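**Student:** Have a look at this one.
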Amino acid sequence: MEKQLQKYFGFDSFKKGQEEVILKIMKGQSVAAIFPTGAGKSLCYQLPAILLPKITLVVSPLLSLMKDQLDFLLEHNIPAARLDSTLEREEYNTILEKAKNGALKILMISVERFKNERFRFHLQKMDISLLVIDEAHCISEWGHNFRPEYLKMSVYRKEFGIKQILLLTATATEPVIDDMCRKLKVPRENITVTGFYRKNLFLQITPTNESEKNEKLIQRINESPEAPTIVYVTLQKTAENVAELLCLNGINAEPYHAGMKNEARELIQNRFMNGELDCVVATIAFGMGIDKENIRRIIHYDLPKSIENYGQEIGRSGRDGEKSFCEILANRDNVNILENFVYGDTPEKDSIYKLLQNIKHNNSPIWEVKVTALSTELNIRMLPLKTLLVYLDLEGIITPKFTYFAEYSYKCKAGTADIINRFQGERRQFVTTIMNHCSTKKTWTYVDMQGILDNYNTDRRRIITALEYFEKKGWIELQSKQSIEVYDIKTPEFDIDGITQKMHKLFKSKEEHDIQRIHDMIGFFEKDSCISRELAKYFGESLEQESCGHCSFCGSGKVAIQNSTELEPLSTFDFGEITDEFIGAVGEYFSVLNLTKFLCGIFTPVFLKLRIKRLAGFGIFEKYPFWDVKDWINEYKS
C-alpha cells in the first residue's frame, strides 16, 4: 500500500489512521474516518478510488469543499471532476459522459444533485465502487451544520445499488458519530477515530470590550501583516465593515459571506489560496474544507456559534504542522445575535398547520410542490422547511419520489426538420410529436411536456432521454428550470392537530438544544482548566498531560467573558416610530412574532418578498434578547 501511495501521490508514509481505513475499504467494508482537520481524511478515498475498479462518488455540502480536493487530484494526474451550477452545459455533459464510460475515477457532487432529475437519469448508468460522504456530521440533526438532504443518503444508496460507503468528518462528538453511522449502517468496529488534539495551535481567549475590538484586531494583524489570516464574524455586514477597516489600515483584506455572488466568492477564495490575499474576513460561509496549509492565524472577531464550530474553524490553521495562533476577542455583546439565528429557524405553529392542510386536502395521492414558493407562502426559511419535510417523511405521512423540472427549453443548433429526418418508423413519430409540442419565444424554444404526454403513449423519462440525446449530438442547447419536488402521500388520514403539535415540539426541542450549545460554549471558554485538554475531551479524546502549555489558560489562567456594552432600556423607544412602517408594509402577514423577528434582524421569506429589509427599523434590536423584545411588543399592544 505504501508503494501505491508513493507511486500516485509521492508520499513516503501514511498519516495516523489512513492505512487502517484504506485497508478496510480495499476489503470491501464500509468505514467512518473521524480525523482532525488537516490530518489527511481526503486521502482515505483518493487512494482507494485509483485502485477500485469503478468510479468513486464523493458527496460534499459546499462547492469550496470540492475545489481544493479536485485541484490536488488533477495535479497528480488522477482523472477526477466535479458537477456544479457554474459549469457550462457542454462541460457538464462531457463530465457525465466520462463518468458513465469509465474515464473518471472520482466524481464530486453536492448532496442536492441527487434530486436533479437529469442527473439521476445519468447516475443510473454509472458503475459505482464507493460512495464517500464528506463532512458526514451534516447527517446528524444534533450536530452542527445539519443538512436535511443528508438524511436521504441511505435512501439514495439503496436506490442506486451502492454497496460500500465511507463517512468523513473532523468535528463529531460521540452521539453524532453514533447517529450518522447508525443511519448509514457503518459497523461500530469500522469507525476509526484518530483524536482531535493539535500541539502546534496556540489557543487564546482574550476578553475584549466591543469598543476596543477594532484596535486590538488591527494591532494583532500588524504583528505579521502578511501572515495568512481568517477573521471570523457573525454577520454579513460585519464582514464588509471589518474588511474595509483593515484595508484602510493597510492590510490586504477582503470580505466573504453568503450574500455575495458565487463568482465573487470563488475569486476571493482563489486569491487567498494562491497567496495574493493575506486576510479574509468571513462568516461561517468560508472555510469548510479549505485546504491551505500555511494559515497562521484564526481570529474570532465575534464568538463562534458552538464548540463544534470553534473546533472546525481553528482547525483550518497550521495544517503544515508549524505554530499557528487562534484567538477569540471575547465578550457577550453578540450572544443575542447568535441566539436570534436559532429563533429564526423555528417555524410558527400556524405555518406548520397550513403545510399539513395543504397535504391533507390535496386531491391526489401525489403531492407536487415548488419548495421556494412554499417557503414564501408559509414564511418558513428554506432549511427548516426542508427539515420539516424530512420529519414528515420520517413520520410516515409523505415520502419523496423524485424532483423534476417544470420547464424545459432549448436553443436550436439544427433545424427541426433536420432533427426529425434523422429518425425512422416509431422513433420518427415520437420525435415529431415532441417537436410539434414546442413553441419558440425569441431565442428559446419551450417544451410542452404535458402536451406530448397527452398526444403520445410515452412517459417523461423517454422525453427527457430524447432531449438529452439531441443535446449530446449537438443539435440543441438544453436547459431546465423551476424545480418541483414530488412526494407520495402515504397517510392522508393523519391527525392534523396532533401532527402539528408534534412537529412544532420537535423544532422547539431543537431550538432549546441549539440555544444551550451557545451557553455551553461560553461556559467552555470560562472553564478553570486547560483549553486544549477540554477541547480534546469534548471530541472524545483523553490527553495524559494536565496542561498543554500552548493555550491562554496555561499561560495566564481562567478568563471571564462579560457584556461590555450597556443596552438602552426598551421602554425608552417610541413603539410607533420604529414599527409603523413595518406594520404598514407587512399587511396580512403581521404577527407579533414577525414584528419581533423584524426588530431583531431575523430574516424570513416574507420579508424578502415584501422587501422588508430596506425599512429603517430592521435589526434595530439585534443585540437585545429575543423574548424581551417580544414581551415589549405584547406589553405595548395590550
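**Student:** Any residue at all in the stretch 190-200 that's under 30 Å from Gly555 (Cα atoms), surrounded by 22 or more Cβ atoms within 10 Å (Cβ to Cβ) and touching a helix residue (DSSP H, G or I) at 6+ places or on another chain (Cβ under 9 Å)? Spell out the reasoning first.
**Tutor:** Going through the stretch 190-200, the residues under 30 Å from Gly555 (Cα atoms) turn out to be 193-200.
Next cut, surrounded by 22 or more Cβ atoms within 10 Å (Cβ to Cβ) only: 196, 198.
Filter once more, so that each one left must be touching a helix residue (DSSP H, G or I) at 6+ places or on another chain (Cβ under 9 Å): 196, 198.
For the stretch 190-200, residues under 30 Å from Gly555 (Cα atoms), surrounded by 22 or more Cβ atoms within 10 Å (Cβ to Cβ) and touching a helix residue (DSSP H, G or I) at 6+ places or on another chain (Cβ under 9 Å): present.
**Student:** Can Ile50 be described as on the phi < 0 side of the Ramachandran plot, in contact with a Phe, Trp or Tyr (Cβ under 9 Å, 6 or more places away or on another chain) and assigned to a loop (DSSP other than H, G, I, E, B)? Give the derivation first.
**Tutor:** Details: on the phi < 0 side of the Ramachandran plot: yes; in contact with a Phe, Trp or Tyr (Cβ under 9 Å, 6 or more places away or on another chain): yes; assigned to a loop (DSSP other than H, G, I, E, B): no.
In short, no.
**Student:** Look through the stretch 480-525, keep the residues that are β-branched (Val, Ile, Thr) and not in a helix (DSSP H, G or I), and return whichever of them is nearest to the chain's Cα centre (by Cα).
**Tutor:** Here is the first cut: in the stretch 480-525, the ones β-branched (Val, Ile, Thr) are 484, 486, 489, 491, 496, 499-500, 515, 518, 522.
Subset that is not in a helix (DSSP H, G or I): 484, 486, 489, 491.
On the way: Ile484: 21, Val486: 22, Ile489: 28, Thr491: 31 Å.
The qualifying residue nearest to the chain's Cα centre (by Cα) is Ile484.
**Student:** Moving on to the next point. Can you tell me which residue within the stretch 292-333, out of those that are acidic (Asp, Glu) and modelled with pLDDT under 90, is farthest from His137 (Cα to Cα)? Give the derivation first.
**Tutor:** So the first thing to find is which residues in the stretch 292-333 are acidic (Asp, Glu), and the list is 293, 302, 308, 313, 320, 322, 327, 333.
This time we only want the ones that are modelled with pLDDT under 90, so: 293, 308, 320.
Numbers: Glu293: 23, Glu308: 10, Asp320: 25 Å.
Filtering first and then ranking leaves Asp320.
**Student:** Related question: Between residues in the stretch 187-211 that are within 17 Å of Ser317 (Cα to Cα) and residues that are surrounded by fewer than 18 Cβ atoms within 10 Å (Cβ to Cβ) and among the basic types (Lys, Arg), which pairs lie under 7 Å by C-beta distance while being six or more apart or on different chains?
**Tutor:** Asn200/Lys323; Phe202/Lys323
**Student:** Checking Tyr156 against (1) at pLDDT 90 or above; (2) more than 27 Å from Ile307 (Cα to Cα); (3) touching a helix residue (DSSP H, G or I) at 6+ places or on another chain (Cβ under 6 Å), which test does it fail?
**Tutor:** Every listed condition holds for Tyr156 apart from (1).
**Student:** Quick one: is Gln236 more than 11 Å from Asp278 (Cβ to Cβ) and touching a residue at least 40 places away in the same chain (Cβ under 8 Å)? So that I can check it myself, show each step before the final result.
**Tutor:** Details: more than 11 Å from Asp278 (Cβ to Cβ): yes; touching a residue at least 40 places away in the same chain (Cβ under 8 Å): yes.
For Gln236, the condition - more than 11 Å from Asp278 (Cβ to Cβ) and touching a residue at least 40 places away in the same chain (Cβ under 8 Å) - is met.
**Student:** Could you grab me the full set of residues in the stretch 218-245 that are under 28 Å from the mean Cα position of the chain (by Cα) and part of a helix (DSSP H, G or I)?
**Tutor:** Hits for the stretch 218-245 are Gln236, Lys237, Thr238, Ala239, Glu240, Asn241, Val242, Ala243, Glu244.
**Student:** Still on this structure, please answer the following. Go through the stretch 13-56 and count every residue that is of a type in the set (D, E, K, R) and under 30 Å from Ile298 (Cα atoms). Steps first, please.
**Tutor:** Our first condition is that a residue be of a type in the set (D, E, K, R); within the stretch 13-56, this holds for 15-16, 19-20, 24, 27, 41, 54.
Those still in the list that are under 30 Å from Ile298 (Cα atoms) too: 15-16, 41.
Residues meeting the conditions: 3.
**Student:** Which number in (1) assigned to a loop (DSSP other than H, G, I, E, B); (2) under 21 Å from Met382 (Cα atoms) marks the one condition that Leu593 misses?
**Tutor:** Unmet for Leu593, out of (1) assigned to a loop (DSSP other than H, G, I, E, B); (2) under 21 Å from Met382 (Cα atoms): (1).
**Student:** Testing Val21 on (1) part of a loop (DSSP other than H, G, I, E, B); (2) within 26 Å of the chain's Cα centre (by Cα), one condition comes back false. Which one is that?
**Tutor:** If we test Val21 against (1) part of a loop (DSSP other than H, G, I, E, B); (2) within 26 Å of the chain's Cα centre (by Cα), just (1) comes out false.
**Student:** Another question, if that's okay. State which residue is surrounded by the most Cβ atoms within 10 Å (Cβ to Cβ) when the search covers only the stretch 100-121 and only residues that are modelled with pLDDT of 90 or more and touching a helix residue (DSSP H, G or I) at 6+ places or on another chain (Cβ under 7 Å). Give the steps one after another, and end with the answer.
**Tutor:** First pass over the stretch 100-121, keeping only residues modelled with pLDDT of 90 or more: 100-109.
Applying the additional criterion that residues be touching a helix residue (DSSP H, G or I) at 6+ places or on another chain (Cβ under 7 Å) yields 100, 104-108.
Numbers: Lys100: 16, Leu104: 22, Lys105: 21, Ile106: 23, Leu107: 24, Met108: 26.
Restricting to residues being modelled with pLDDT of 90 or more and touching a helix residue (DSSP H, G or I) at 6+ places or on another chain (Cβ under 7 Å), the top hit is Met108.
**Student:** Tell me which residues, restricted to the stretch 526-543, are touching a Lys or Arg at 6+ places or on another chain (Cβ under 7 Å) and either in a helix (DSSP H, G or I) or among the hydrophobic types (A, V, I, L, M, F, W, C) (or both).
**Tutor:** Answer for the stretch 526-543, where residues must be touching a Lys or Arg at 6+ places or on another chain (Cβ under 7 Å) and either in a helix (DSSP H, G or I) or among the hydrophobic types (A, V, I, L, M, F, W, C) (or both): Glu534, Leu543.
**Student:** A further question on this structure: Would it be correct to say that Ile165 is closer than 12 Å to Val59 by Cα, in contact with a strand residue (DSSP E or B) (Cβ under 8 Å, 6 or more places away or on another chain) and of a type in the set (A, V, I, L, M)? So that I can check it myself, show each step before the final result.
**Tutor:** Values: closer than 12 Å to Val59 by Cα: yes; in contact with a strand residue (DSSP E or B) (Cβ under 8 Å, 6 or more places away or on another chain): yes; of a type in the set (A, V, I, L, M): yes.
Yes; evaluated as a whole, the condition is true for this residue.
**Student:** Looking only at residues that are over 23 Å from Glu308 (Cα atoms) and among the β-branched types (Val, Ile, Thr) in the stretch 19-57, which one is surrounded by the fewest Cβ atoms within 10 Å (Cβ to Cβ)?
**Tutor:** It comes out as Ile50.
**Student:** Sticking with this one: Kindly check whether there is at least one residue in the stretch 336-356 that is closer than 29 Å to Cys548 by Cβ, at pLDDT 90 or above and buried (at least 20 other Cβ atoms within 10 Å of the Cβ).
**Tutor:** Filtering the stretch 336-356 down to residues closer than 29 Å to Cys548 by Cβ leaves 338.
With the extra rule that they be at pLDDT 90 or above, the set shrinks to 338.
Now drop any that are not buried (at least 20 other Cβ atoms within 10 Å of the Cβ), which leaves 338.
Checked against the condition, which is being closer than 29 Å to Cys548 by Cβ, at pLDDT 90 or above and buried (at least 20 other Cβ atoms within 10 Å of the Cβ), the stretch 336-356 yields at least one hit.
**Student:** Right, something else. In the stretch 127-149, is there at least one residue being farther than 30 Å from Ser532 by Cβ and surrounded by fewer than 18 Cβ atoms within 10 Å (Cβ to Cβ)?
**Tutor:** Yes, because at least one residue in the stretch 127-149 is farther than 30 Å from Ser532 by Cβ and surrounded by fewer than 18 Cβ atoms within 10 Å (Cβ to Cβ).
**Student:** Search the stretch 72-103 for residues being part of a helix (DSSP H, G or I) and touching a residue at least 60 places away in the same chain (Cβ under 8 Å), and hand back the single one that is farthest from Tyr487 (Cα to Cα). Explain how you work it out, then say what you get.
**Tutor:** Here is the first cut: in the stretch 72-103, the residues part of a helix (DSSP H, G or I) are 72-75, 89-101.
The next check asks that each one be touching a residue at least 60 places away in the same chain (Cβ under 8 Å); those that pass are 72, 89, 93, 97.
Values: Phe72: 39, Arg89: 29, Asn93: 28, Glu97: 30 Å.
Once the filter is applied, the top-ranked residue is Phe72.
**Student:** Among the residues of the stretch 213-257, which ones are touching a helix residue (DSSP H, G or I) at 6+ places or on another chain (Cβ under 6 Å), at pLDDT below 95 and among the polar types (S, T, N, Q)?
**Tutor:** Scanning the stretch 213-257 gives a single hit, Thr234.
**Student:** Any idea which of (1) over 25 Å from Lys411 (Cβ atoms); (2) at pLDDT 90 or above is the one Thr94 doesn't satisfy?
**Tutor:** Thr94 satisfies all of (1) over 25 Å from Lys411 (Cβ atoms); (2) at pLDDT 90 or above except (1).
**Student:** Let me ask something else. What number goes with the only condition from (1) closer than 20 Å to Glu117 by Cα; (2) within 28 Å of the chain's Cα centre (by Cα); (3) crowded, with 16+ Cβ neighbours inside 10 Å that Tyr410 does not pass?
**Tutor:** Condition (2) is where Tyr410 drops out.
**Student:** Go through the residues of the stretch 528-549 one by one and say whether even a single one is under 25 Å from Trp627 (Cα atoms) and either β-branched (Val, Ile, Thr) or crowded, with 16+ Cβ neighbours inside 10 Å (or both). Full working, then the answer.
**Tutor:** Pass one, the stretch 528-549, residues under 25 Å from Trp627 (Cα atoms): none.
Looking for residues that are under 25 Å from Trp627 (Cα atoms) and either β-branched (Val, Ile, Thr) or crowded, with 16+ Cβ neighbours inside 10 Å (or both), one finds none in the stretch 528-549, hence no.
**Student:** Arg332 fails exactly one of the following numbered conditions: (1) assigned to a loop (DSSP other than H, G, I, E, B); (2) within 23 Å of the chain's Cα centre (by Cα); (3) within 22 Å of Arg220 (Cβ to Cβ). What is the number of that condition?
**Tutor:** Of the numbered conditions (1) assigned to a loop (DSSP other than H, G, I, E, B); (2) within 23 Å of the chain's Cα centre (by Cα); (3) within 22 Å of Arg220 (Cβ to Cβ), the odd one out for Arg332 is (2).
**Student:** All but one of (1) under 30 Å from Ile268 (Cβ atoms); (2) aliphatic (A, V, I, L, M); (3) without any contact (Cβ under 8 Å) to a residue 60 or more places away in the chain hold for Ile106; which doesn't?
**Tutor:** Going through the list (1) under 30 Å from Ile268 (Cβ atoms); (2) aliphatic (A, V, I, L, M); (3) without any contact (Cβ under 8 Å) to a residue 60 or more places away in the chain, Ile106 breaks only (3).
The values are calculated or read from the model by the stated rules, or taken from the named source; none is laboratory data. Everything numeric here is computed off the predicted structure, so don't read it as measured data. Positions of Cβ are generated from backbone atoms using ideal geometry, with glycine treated the same way; all protein chains shown enter the neighbour counts.
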